[in-house]
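What follows draws every value from the coordinates through simple rules; no lab data is involved. It should be emphasised that the depicted structure is a prediction, and the values quoted were computed from it without experimental measurement.
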Amino acid sequence: MALFNCITNGIKCISYYFSLVFQMVEAEEEYTEQMEILVSCFLRPFKMAASSKKPPCSHEDVNSIFLNSETVLFLHQIFLKGLTSRMESWPTLVLGMDIFKTILSDINQYIDKQKCVNCNI
């Protein structure tokens with residue numbers, strides 16, 4: 001009976017782990033998609049408008065609003081690519097800490113972004 005409970009609990013843990021991984025991939029896909037919209041539909045047009053003859057805003061305004069959005073998008077595209085390549089290794093899916101190094105090594109990008117958000121509120 002104890003062995004059965006141990007196996008059942010192990011299967012529940014594995015199932016929970018895979019559920020978390022799938023949720024993380026879905027969330028990352030959604031975030032990356034939203035960042036792509038931000039960059040392509042807002043940031044780049046604003047940059048172009050700031051270079052026009054009668055700019056509605058300056059390059060400084062654009063930079064203060066969007067700060068490092070392109071860099072953050074790029075980091076998340078790399079992170080998502082790493083996650084999806086791990087998913088392709090299914091069912092031997094293992095997420096080690098190396099997959100998070102991309103995001104963690106550039107944490108300053110997020111700190112700067114948060115400072116920007118706080119300044120513009």
Determine the gain in length on full extension of the stretch S64-E88; use 0.36 nm per residue of separation and subtract their C-alpha separation, reporting nm with one decimal. 4.8 nm
Can you give the extra length, in nm with one decimal, that the chain gains between K54 and S19 once fully stretched, where that is 0.36 nm per residue apart less the Cα-Cα distance? 7.4 nm
Quick one: work out Rg over Rh on the C-alpha atoms of the range 43-88, Rh as Kirkwood radius. 1.26
